[in-house]
Amino acid sequence: MLSEVKSIDPPESAVLWQAGSSRPQSALKVFLGGTGGPPLGLIGGTWGYSLKRPLAFPSGEIKIGWMETSRPQLAMKALRDAKQVILPSLLQCDFGNLQREIEQLEAAGVHGLHLDVMDGHFVPNLSYGMPIVAGIRKLTELPIDVHLMVSEPAKYARQFVDAGADCLTVHIEVRHAEVPQDVGQTLQLIRSLGVGVGLALNPDTPLASAMDLLPLCDLLLIMSVNAGFGGQVFNPIALDKLAAAKVAAPKLLLEVDGGVNLTTISKCHAAGASLFVVGSAVFGQKDYRQALRQLTEALGG
């Protein structure tokens, strides 16, 4: 293992790796325009790059040109740069064939995955936790967007980051949980962990209640159904919130979740959303590639 590496000219497509790992830890491939582009400087961290296997793991963080970055930061930049991102919610996938499902989604051209974590307390349903997130992280380099529908998100934030989450979204409604949570402190904790910071609002929660927290966020998730309940109809109040949030915080990533399909996705986009969480609109179809193409066409893409 090399102990000192100042910079390496990468090939056109370099996959980031972390020391001690047997798989790429990046959320995406970094395209640097060939060896004529800026070198990938490795500055005192645990990162290196290779097309097949790790080459070197000095200490420090990645530096591309003058920009220091990490896998979650690259993931958030990818979601922002993509403008319109359809995020399949894995809650509806076939967990008996999880690897096949992810391979099919990647082949269909998805740009990220949405994971709904439910604790059976904040919401009545129970889904999955850190082991599933870690398992998915081993199967894909795609950005992993984790929606924490849990009563005490700060208690588990670090564990989900360690499992491979690139963005953690918590609910503002935990302010009024059985054990009230300081949402501002939770958002700051997530920021300190180096991943994307998201805040979610249920349909009955006014946007005004979140205005003081928006400066702490990268992403605002507007729920168009109540979190944790299946079979609900898209609530158009989400469109009003999206439009208002777009005016109030134009640089914030706006995400919408619940009842997003071929009928509603264009309305959400027109209101300001750029991230679209979909469930049955993808997993309820036989051909994921065709489903993604139809949704993209409905967005005008």
Worksheet item: Please state the Cα pair-distance histogram of region 115-178 with 5 angstrom bins from zero: what percent is in each bin?
Response: 4, 19, 31, 24, 14, 6, 2, 0
Item to complete: Output the peptides 96-109, 113-126 sorted from most to least packed, where packing is the average of other Cβ atoms within 10 Å over each peptide's residues.
Response: 113-126, 96-109
Discussion item. With 17 Å as the cut-off, how large is the P(r) tail for region 204-301, expressed as percent of Cα-Cα pairs?
Written reply: 50
Discussion item. For Arg80, project a label point 7 Å along Cα to C-beta. Then give me every residue of region 201-229 with its amide nitrogen under 16 Å of that point.
Written reply: 214-221
Worksheet entry | Surrounding net charge for Gln84, when Lys and Arg each add one and Asp and Glu each subtract one, Cβ distance under 12 Å | -1
Worksheet item: Taking only the alpha-carbon atoms of region 135-220, what semi-axes of the equivalent ellipsoid follow from 5 times the gyration tensor eigenvalues under a square root, in whole Å, largest first?
Response: 22, 13, 12
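Since every read-out is calculated from the coordinates, none of them should be taken as a lab result. Quick caveat, the model's predicted, so the values are computed rather than measured. All Cβ positions, even for glycine, are placed from backbone atoms using ideal geometry, and neighbour counts span all protein chains on display.
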